[in-house]
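The structure appears right after this line, and notes come after that.
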Amino acid sequence: MAGIVACMWMVRGTELSQEVAKVILTDEDALKGYRKLRQYFGDDGNTMVATVEGDIFSYPLFAELYDLTDSLRRIEGVNGVISVADLYDITRDDSTESFRLQRIVSRRPASEAEVDSLEAKIRSLAFYDGLLMNDSTGTALIAISLDPAVLDTERKIDLVNSVRNPLLAFGERHSFETHMAGLPILRVNMHETVRKELVMFLLLALAVTAVTLLLFFRSFQMVIFPMLIVVAVIICTLGFIGLFNYKISLITGIIPALVTVICVPNCVYLITKYHTEYRRTGNKRQSLILMLQRIGLAAVMTNATTAAGIGTMAISDIAPLRELGIVGGLSVVAAFFMSILLIPTIFSFLPAPTPSQTRHLDRRSLGFVIRMIEQAFTHHRKLIYAVCAAIAVISAYGMTKIQAVSFMADDVPAESKVLKDLRYIEARFNGAFPFEILVDTGKRRGVIRRRTLQDIAALQDSLREYPEFSRSLSVADFAKAARQAIFGGGRDAYDLPSRDEMNLIGLYAQNTNIFNKNTISKSLADTNLQIARISTSVRDIGSVEMRRLVDSVQADVDAVFGSDSTVTTDVTGTTPIFIQANKTLIDNLIQSLILAFIAIALMMGFMFRRPRLIIISLIPNILPLLAVAGIMGYFSIPLKPSTALVFGVALGIAVDTTIHLLNRYRMSKRLGETVAQGVGNSLRDTGVGIIYTSLILFFGFVSFTLSDFGGTKALGLLLSLILIVAMLSNLFFLPSLLLSFDEDPAESMTKITSKPGHPKEHNIS
């Protein structure tokens, strides 16, 4: 075993994922446009924006903005910078019959008069209207394009910080707060938080479970060895990540902490049973053998159901979900073998348990609780059914209020500067995340046909009506700017050229290097001038509204281009693809939950071989899932990847308590006990272990609520709620169902005559 752990340590995977969200669709139709976008125009998510406030066209602020823009451009990893202090103008050169692209601000301005002249020039160019300035709020944007190759490595943190620091310093010098947004900001924020929380939650999970074990067993020996097993399982988990060449992402990063919390109950059940048998027999060796005989099958089944609850997600075609299913399921299997092999082996070499070490079995408080539970399901079953029915009805209604919605900045804390900056920029410039429309004319140079330019301009006019979008940009805007240049630069000349004017512009464009593949073709049209790109930014409005927006935009696109059979269009970009992928992710999680439920039902069938008992075993575990779904609806907790993930994981864990209780009940039935005797003895024999493990799981998962990620926080809270409700359901509801529906006719003739609630016990604990 030590050799296996050592090998897993050598191949452990610790590399963090560099992607903003490793949620990749495999639907070729959905990805077709996105792949075309990346093929012809590169990454659309490599731009960050920052705000500058004040009287921008005042000296010396404008001059210092010029210096800032120049310094940002010189940073290694920065591909380009656009600000009001670094804009270009298209002019007409009749001597060469070409256009020239000239910098408007060719040098650092030295006076207010010079700045005033530059302002007049910039404001005469309608091309820049709404792109970089919001005059009503006195806010200007700086757009910084970063190298995608750097953004895909850990160097992105240094790159973003090297850009952020001079921006912040500039704001401090001029007494305004600098706000920054964009996908690079989210990527760095997520990367840093994952790196911090991976270690924090692993240590926290270890600490919480260790303290809980100490409180329950009151013995350091009972803490040290289970924790050694937990550490070995964590190493195996990291080994699985390395063996499959996975990277640690937001979702896979919780697996070590998740497995830590799940692994400990194995040890608790085994040690508790060992102590129970030793107190009865007084023989250490015999007690260890009885421990394996009595709960060995239950241990196999509980770990199998937990592995099924997590492992069914391995069938998903969404990368992070698939990785969680594979690594999480294998880690649960590793936890089982580590526990079932090492606990008996370790304790066989240790001295027999002392009275102080088994004292936890005599806790009066737990004994009182067990007796109260037994009295409740023996004498007040109707009340239990009424309460469960009320919970089910109320929860079912609450479940109808659940909304499946996710946001680009879903996991960013509401009080964080990252989210506040995003909302600030959205309020002034509408969008901050990329949204793209591709128009494939199907013909070489089809982009510069006047009909195509007219259609693109018409579509841009439609986009302008949506408050969710910022100002869009396309090749039609450049055609308008070229016409303005042809007619001497007057603002009134900024319009689509006529057919004759297009011929003249085309002549000048052929002789102009600003229209080659290194400039406009790379940004807004491909090298063959066949595919055009309409680029804009969109608010983070959530998946529900985003789907409606995409459908509405698609209707506008169809209205403009639908009559031309040679033209194909794609509404795409990182933002709509991300939202669509999250919808698919939620659908996959629901499918995984259904599959997990079926798998667990089949395992129950294999274990109990009685249809009635299988149905009885599943009902108490549906109730907690229903209850938490109702809570989500009433408290407006949205169904998103992190919260949808809860149900499959929780089902696999929650059913463990059912298996332990029913396994003991099955033993009672084999010895000829009545249902009432079997239920009573099963509760007294397994109740303490159920309460122990449920509380360990509860405190372990509650620690997740300390996360800075909204998704991890929701995962911890909802898992904790489900497991507590599952514990109560299995302690109250399950015995009631057994007493009401599992009594055979023959048994009804041999009702016990002993005092109710205290049936005769057989010596099989």
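ILE653 - would you say it is of a type outside the set (D, E, K, R), part of a helix (DSSP H, G or I) and surrounded by fewer than 20 Cβ atoms within 10 Å (Cβ to Cβ)?
Numbers: of a type outside the set (D, E, K, R): yes; part of a helix (DSSP H, G or I): yes; surrounded by fewer than 20 Cβ atoms within 10 Å (Cβ to Cβ): no.
No: the conditions fail for ILE653.
Would you point out the residue of segment 420-455, among those that are of a type in the set (Gly, Ala, Ser) and part of a loop (DSSP other than H, G, I, E, B), that is farthest from ASP551 (Cα to Cα)?
GLY442
Please indicate, with yes or no, whether at least one residue in segment 218-230 is closer than 25 Å to TYR692 by Cα, of a type in the set (Gly, Ala, Ser) and surrounded by fewer than 22 Cβ atoms within 10 Å (Cβ to Cβ).
Yes, segment 218-230 has at least one match.
Of the residues PHE62, PHE41, which single one is buried (at least 21 other Cβ atoms within 10 Å of the Cβ), touching a residue at least 12 places away in the same chain (Cβ under 8 Å) and among the aromatic types (Phe, Trp, Tyr)?
Details: PHE41 fails: buried (at least 21 other Cβ atoms within 10 Å of the Cβ).
Checking each option against the conditions leaves just PHE62.
Each row is one residue, and each column tells you yes or no for (1) modelled with pLDDT under 85; (2) open to solvent by less than 30 Å² (accessible area, probe 1.4 Å); (3) in a loop (DSSP other than H, G, I, E, B).
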residue: GLY309; (1), (2), (3): yes, yes, no
residue: ASP317; (1), (2), (3): yes, no, yes
residue: GLY325; (1), (2), (3): no, yes, no
residue: PHE347; (1), (2), (3): no, yes, no
residue: PRO351; (1), (2), (3): no, no, yes
residue: PRO355; (1), (2), (3): no, no, yes
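Name the single residue that is nearest to LYS443 (Cα to Cα) among those in segment 549-577 being open to solvent by 30 Å² or more (accessible area, probe 1.4 Å), at pLDDT below 90 and not polar (S, T, N, Q).
My answer is ASP564.
Report whether or not ASP455 is in contact with a strand residue (DSSP E or B) (Cβ under 6 Å, 6 or more places away or on another chain) and in contact (Cβ under 8 Å) with a residue 12 or more places away in the chain.
For ASP455, the condition - in contact with a strand residue (DSSP E or B) (Cβ under 6 Å, 6 or more places away or on another chain) and in contact (Cβ under 8 Å) with a residue 12 or more places away in the chain - is not met.
Residues ALA482, ALA532: which one is within 21 Å of ARG35 (Cβ to Cβ) and crowded, with 21+ Cβ neighbours inside 10 Å?
ALA532
Quick check on segment 172-195: of everything there that is without any contact (Cβ under 8 Å) to a residue 40 or more places away in the chain and in a helix (DSSP H, G or I), which residue is farthest from ARG74 (Cα to Cα)?
GLU192
Could we say that ILE391 is in contact (Cβ under 8 Å) with a residue 60 or more places away in the chain, open to solvent by less than 40 Å² (accessible area, probe 1.4 Å) and over 30 Å from LEU186 (Cβ atoms) here?
Criteria not met by ILE391.
Considering each residue of segment 665-701, count those that are in contact (Cβ under 8 Å) with a residue 40 or more places away in the chain, open to solvent by 10 Å² or more (accessible area, probe 1.4 Å) and part of a helix (DSSP H, G or I), and give that number.
11
Under 9 Å between Cβ atoms, which residue pairs at least 6 apart in sequence (or on different chains) link something in segment 470-485 that is assigned to a helix (DSSP H, G or I) with a partner that is buried (at least 24 other Cβ atoms within 10 Å of the Cβ) and of a type in the set (Gly, Ala, Ser)?
Listed by first residue and then by second, the contacts come to VAL475/ALA525; VAL475/ALA532; ALA476/ALA532; PHE478/ALA525.
Out of all the residues in segment 109-152, which are in a loop (DSSP other than H, G, I, E, B) and either crowded, with 16+ Cβ neighbours inside 10 Å or over 43 Å from the mean Cα position of the chain (by Cα) (or both)?
PRO109, ALA110, SER111, SER124, LEU125, LEU131, LEU132, ASP147, listed by residue number.
Quick one: in segment 381-407, which of the residues that are in a helix (DSSP H, G or I) and of a type in the set (Phe, Trp, Tyr) is farthest from LEU645 (Cα to Cα)?
Among those residues, the one meeting the criterion is TYR385.
How do the pairs read when you match residues in segment 263-282 that are charged (D, E, K, R) with residues anywhere that are assigned to a helix (DSSP H, G or I), using Cβ under 6 Å and keeping only pairs 6 or more apart or on different chains?
If the second residue must be assigned to a helix (DSSP H, G or I), the pairs left are LYS273/MET291; LYS273/ILE295; GLU277/SER287; GLU277/LEU290; GLU277/MET291.
Which condition breaks for ASP708 when tested against (1) under 23 Å from VAL259 (Cα atoms); (2) buried (at least 20 other Cβ atoms within 10 Å of the Cβ); (3) among the acidic types (Asp, Glu)?
If we test ASP708 against (1) under 23 Å from VAL259 (Cα atoms); (2) buried (at least 20 other Cβ atoms within 10 Å of the Cβ); (3) among the acidic types (Asp, Glu), just (2) comes out false.
Consider SER339 carefully, then state whether it is hydroxyl-bearing (Ser, Thr, Tyr), in contact (Cβ under 8 Å) with a residue 40 or more places away in the chain and assigned to a helix (DSSP H, G or I).
Criteria met by SER339.
Would you point out the residue of segment 535-548, among those that are assigned to a loop (DSSP other than H, G, I, E, B) and at negative phi, that is surrounded by the most Cβ atoms within 10 Å (Cβ to Cβ)?
ARG539
The values are calculated or read from the model by the stated rules, or taken from the named source; none is laboratory data. Just so it is clear, the structure is predicted and the values come from calculations on it, not from any experiment. Glycine gets a Cβ as well: all are built from the backbone with ideal geometry, and neighbour counts include every protein chain shown. All accessible areas refer to the heavy atoms of the entire protein, side chains included, with ligands and DNA or RNA removed. Shrake-Rupley method; radii C 1.70, N 1.55, O 1.52, S 1.80 Å.
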